[in-house]
Amino acid sequence: MATLDSLTWLSRFVSETPGDSEIGGRSRQVANVCWSRVLPTPSIDSQLHLWSSEMAHVLGIEKGEAETLGGGTPVQGMDPYAQRYGGHQFGNWAGQLGDGRAITLGEVESKDGVVELQLKGAGKTPYSRFADGKAVLRSSIREFLCSEAMHHLGVPTTRALSLVTTGEDILRDIMYDGNPAHEPGAIVCRVAPSFIRFGSFQIHTATGDVETLRLLVEHTVRTHFPTHSVEDDEGRIAWLSCIAEDTALMISHWMRVGFVHGVMNTDNMSIHGLTIDYGPYGWLEDYNPGWTPNTTDSSTRRYRYGQQPQIAAWNLARLLESMVPLMEEPELLHDVLTAYTDAFDVHHNRMWAEKLGLDVFTSGDESLVRDLNALLQEVETDMTIFFRLLCSIQSPDVSELSHAFYDDQTIPIEGWKSWLERWWARVDSMPNRSIMKKANPKYVLRNWMAQLAIDAAHSGDYSVCERLHQLLLNPYDEQLEQEDEWFQKRPEWARSKVGCSMLSCSS
Ligand code: AMP
Ligand code: MG
C-alpha cells in the first residue's frame, strides 16, 4: 500500500486554466483567473480521528498521513490552490466568493479514475474575505459523516477521506446572537472528480471575461465530459443538458431520502450533480415539505425541502445565463431547462414507484402520491420510519405503521384506511418489497444523531462518530437489534436544540 507521497499527482486544473500571478492567502479581489496558489496552514497538533477505509482503498493508501491531511507541508507532486468562483446567494448575485477555506492539494489517479483531494478548513486563501479560513469540529463531523452516509444511500456526493483535529480553538458565534464561544478546529479531506461549481463559470461572465469562461468550459468538458464536444451550439446544449440531467438525478435522490441541503446557492451546485458543501443541512423527521434546517433562511424558507427541485432549476437557469456569451443562438439554452424538468419527472416518478413498490409508475398513480403527501402532513409523521414500515406491512392496516406517528391518539385512521386500501389494491396485495427496501432506508443521519456524535467528540470520545459511520455503511439493511436506537423518531430534547432543528451557516 502506498502513502500520499507515492501516488501519481496531476495538476490538470492548474495547468489548463488561467491562474493568479500572486501566490499566497492575502485576502483580495482576483481578476481573470480560475485559481490562486496557496499553501495550507499547518495545524498546531494534527490528530487523525475519522478515516474512511473505503475511500483510502479507492486511493490505494494506508491509514495515517495526519500531518499532511492536517495542513502540513505538501508532499512531492501536490500543487495546492484555491479555486475562484462567484455565486448567487439566496437569490442575489454575491460577486467573488471562491474557496475561502478550501485548498485543493492536487489530483490523483485512483481506482475510480482521477480525483481531487481538498482540505476544508486549512487556513486563509485570497477568497477568505473577512473570515479565518478555518472549520470547527462540529461542522467537520457533520460533513464527514453525512457525505459518507449519502454515498451509501446511493445519493451522488463528494466523499470524505479523513477528519483531523488541529489542536487550535476557534471563535464562533453559532447562532449569530452575540454569544461567541471557542470550539475545536478540524480539517476534513474531501474527494471528488472536481469541485467545479455553477458559480465557477458565472464569475467570468459577470466580469465580462469571455476568454477565461471559454478556457474553463474547454477544460471542464475535455477533462470531465470526454464524450462531449463544445465546438458548436449543439454540442454545448448536449453538454449542459448532461449537467441538467445529473442535477435532476441528485435532487430526486434528496427527495427520496428526505435530505434538505439548506444552502442551495449557485456556488454550492456541483457541475457533476454531486451533493457538495455540507453546511446547515438536515433530514426530514416529521414529513413537512416546508421545513428547512437553516435558521439563516427562516423568513423566506427559500431552500425548504419541498422547493429543492424548483431551486435547482433556478440555479441551472443562472448557469445557462453565464453561457450566453459562448452561444451563437442563446435561445437554444431553453432546451436545457426542458431537459432538466423532463429528467426530473422521469426520476421522480421512478422514485415514487420504488418507494411504493409499484412495478411501473402510471399517470393514475399521481393522485395516489398526492394524497399520500397530504396525509403524511396531517399529523406529525416520521418520514423514514413510515416508508420503512410500509415495506413490510402485511395488510392495509395503519396500526402496523404506528411507530411512525408522534401521537397515537391523533392518527387520521379513516384517511389512512382509505389510502392504504387503495395502495394495496394497486399492488394486488403484493408490493415489490425488495425494491421498496432499497428505496426506503432504515437509517439516515438524523440531525440529533449527528449532534450526539458531536457532543461525545467534544469530550474526546469519537466512538459515537465511529458507530454512526459504520451503521450508515449499510443504511438499507436490517442491522443488530441494538441499532434500533437509531430507528427512532426525534426525541423531545432535540425538538428545539441548536444543531438538531436549528442550524446556521456558522461553521
Ligand atoms: P458556504 O455558505 O459555506 O458555501 O460559504 C460561502 C462562502 O464563504 C464560500 O466562498 C466559502 O469559502 C466562504 N467561507 C465560509 N466560511 C469561511 C471561513 N471560515 N473562512 C473563510 N471563508 C469562508
Ligand atoms: Mg460553499
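The values are calculated or read from the model by the stated rules, or taken from the named source; none is laboratory data. None of the values given here were measured: they were computed from a predicted structure. As a convention, Cβ positions derive from the backbone with ideal geometry for all residues, glycine included, and neighbour counts pool all protein chains shown.
Among the residues that make up region 83-105, is at least one of them surrounded by 18 or more Cβ atoms within 10 Å (Cβ to Cβ) and farther than 26 Å from Asn315 by Cβ?
The answer is yes, given that some residue of region 83-105 is surrounded by 18 or more Cβ atoms within 10 Å (Cβ to Cβ) and farther than 26 Å from Asn315 by Cβ.
Give region 482-501 a look and list any residue that's over 13 Å from Gly282 (Cβ atoms), surrounded by 15 or more Cβ atoms within 10 Å (Cβ to Cβ) and among the charged types (D, E, K, R), or say none.
If the condition is that a residue be over 13 Å from Gly282 (Cβ atoms), surrounded by 15 or more Cβ atoms within 10 Å (Cβ to Cβ) and among the charged types (D, E, K, R), then Glu483, Lys489 are the ones that fit.
Mind counting the residues in region 466-501 that are aromatic (Phe, Trp, Tyr) and farther than 29 Å from Arg172 by Cβ?
The number of residues fulfilling the criteria is 2.
How about region 277-292: which of its residues are out of contact with any His (no Cβ under 6 Å at 6 or more places or on another chain) and either within 14 Å of Ser194 (Cβ to Cβ) or in a loop (DSSP other than H, G, I, E, B) (or both)? Give the steps one after another, and end with the answer.
Restricting attention to region 277-292, the residues satisfying the condition of being out of contact with any His (no Cβ under 6 Å at 6 or more places or on another chain) are 277-280, 282-292.
Across region 277-292, the qualifying residues are Asp277, Tyr278, Gly279, Pro280, Leu284, Glu285, Tyr287, Asn288, Pro289, Gly290, Trp291, Thr292.
Is at least one residue of region 233-240 closer than 29 Å to Gly100 by Cβ and touching a residue at least 12 places away in the same chain (Cβ under 8 Å)? Break it down stepwise before answering.
Restricting attention to region 233-240, the residues satisfying the condition of being closer than 29 Å to Gly100 by Cβ are 239-240.
From the residues that got through so far, the ones that are touching a residue at least 12 places away in the same chain (Cβ under 8 Å) too are 239-240.
Among the residues of region 233-240, at least one is closer than 29 Å to Gly100 by Cβ and touching a residue at least 12 places away in the same chain (Cβ under 8 Å), which makes the answer yes.
Kindly indicate the residue of region 106-131 that is in contact with a Pro (Cβ under 9 Å, 6 or more places away or on another chain) and assigned to a loop (DSSP other than H, G, I, E, B) and also farthest from ligand 2 (Cβ to nearest atom) among those meeting that condition.
Asp112
Could you check Asp169 against (1) more than 16 Å from ligand 2 (Cβ to nearest atom); (2) touching a residue at least 60 places away in the same chain (Cβ under 8 Å) and say which number it fails?
The one condition Asp169 does not meet is (2).
Being under 21 Å from Cys391 (Cβ atoms), of a type in the set (S, T, N, Q), in the same structural domain as Val257 (by TED's automatic domain parsing) and at pLDDT 95 or above is the requirement here; does Asn315 meet it? First the steps, then the outcome.
Numbers: under 21 Å from Cys391 (Cβ atoms): no; of a type in the set (S, T, N, Q): yes; in the same structural domain as Val257 (by TED's automatic domain parsing): yes; at pLDDT 95 or above: yes.
No.
Within region 207-222, track down each residue that is buried (at least 18 other Cβ atoms within 10 Å of the Cβ) and not charged (D, E, K, R). Walk me through it before giving the result.
Residues of region 207-222 buried (at least 18 other Cβ atoms within 10 Å of the Cβ): 209, 212-213, 216-217, 219-221.
Of everything in region 207-222, those that are buried (at least 18 other Cβ atoms within 10 Å of the Cβ) and not charged (D, E, K, R) turn out to be Thr212, Leu213, Leu216, Val217, His219, Thr220, Val221.
From the list His272, His261, His253, pick out the single residue that is farther than 20 Å from Gln89 by Cβ, within 16 Å of ligand 2 (Cβ to nearest atom) and not basic (Lys, Arg).
Numbers: His261 fails: farther than 20 Å from Gln89 by Cβ; His253 fails: within 16 Å of ligand 2 (Cβ to nearest atom).
Of the residues listed, the single one that is farther than 20 Å from Gln89 by Cβ, within 16 Å of ligand 2 (Cβ to nearest atom) and not basic (Lys, Arg) is His272.
Six or more apart or on different chains, Cβ atoms under 7 Å: show the pairs whose first residue is in region 287-299 and on the phi < 0 side of the Ramachandran plot and among the hydroxyl-bearing types (Ser, Thr, Tyr) and whose second is assigned to a strand (DSSP E or B) and at pLDDT 95 or above.
That search, which allows pairs on different chains as well, returns Tyr287/Thr381; Thr292/Val260.
Could you please tell me which pairs satisfy a Cβ distance under 6 Å, a separation of 6+ or placement on different chains, a first residue in region 348-360 that is under 14 Å from Met430 (Cβ atoms), and a second residue that is in a loop (DSSP other than H, G, I, E, B)?
So the pair list comes out as Gly357/Val427; Gly357/Pro431; Gly357/Asn432.
I'd like to verify a number: residues in region 246-276 that are in a loop (DSSP other than H, G, I, E, B), within 16 Å of ligand 1 (Cβ to nearest atom) and closer than 18 Å to Met502 by Cα, how many?
The initial filter retains those residues of region 246-276 that are in a loop (DSSP other than H, G, I, E, B), namely 258, 261-265, 269, 271-274, 276.
Those left that are additionally within 16 Å of ligand 1 (Cβ to nearest atom): 261-265, 269, 271, 274, 276.
Restricting the remaining residues to those that are closer than 18 Å to Met502 by Cα gives 261-264.
Summing the residues that are in a loop (DSSP other than H, G, I, E, B), within 16 Å of ligand 1 (Cβ to nearest atom) and closer than 18 Å to Met502 by Cα in region 246-276 gives 4.
Scanning region 468-507 for residues that are of a type in the set (D, E, K, R) and touching a helix residue (DSSP H, G or I) at 6+ places or on another chain (Cβ under 8 Å), which turns out nearest to Asp382 (Cα to Cα)?
Filtering region 468-507 down to residues of a type in the set (D, E, K, R) leaves 477-478, 481, 483-485, 489-490, 492, 495, 497.
Keeping just the survivors that are touching a helix residue (DSSP H, G or I) at 6+ places or on another chain (Cβ under 8 Å) gives 483, 489-490, 497.
Details: Glu483: 18, Lys489: 6, Arg490: 8, Lys497: 18 Å.
The selected residue is Lys489.
Note down all Cβ pairs under 9 Å where the first residue falls in region 458-484 and is assigned by TED's automatic domain parsing to the domain that holds Phe144, the second is loosely packed, with under 12 Cβ neighbours inside 10 Å and assigned to a loop (DSSP other than H, G, I, E, B), and they're at least six residues apart or on different chains.
none
Considering Gly71, Gly25, Gly87, which residue is in a loop (DSSP other than H, G, I, E, B), touching a Lys or Arg at 6+ places or on another chain (Cβ under 9 Å), within 21 Å of Lys124 (Cα to Cα) and within 16 Å of ligand 1 (Cβ to nearest atom)? If you could, list the steps in order and put the result at the bottom.
Details: Gly71 fails: touching a Lys or Arg at 6+ places or on another chain (Cβ under 9 Å); Gly87 fails: in a loop (DSSP other than H, G, I, E, B).
Only one candidate qualifies: Gly25.
Of everything in region 90-137 that's of a type in the set (D, E, K, R) and within 13 Å of ligand 1 (Cβ to nearest atom), which residue is farthest from Pro40 (Cα to Cα)?
Top of the filtered list is Arg129.
Which is over 19 Å from Thr212 (Cα atoms), modelled with pLDDT of 95 or more and not aliphatic (A, V, I, L, M), of Thr68, Thr3, Thr17?
Values: Thr3 fails: modelled with pLDDT of 95 or more; Thr17 fails: over 19 Å from Thr212 (Cα atoms).
After ruling out the rest, the residue left standing is Thr68.
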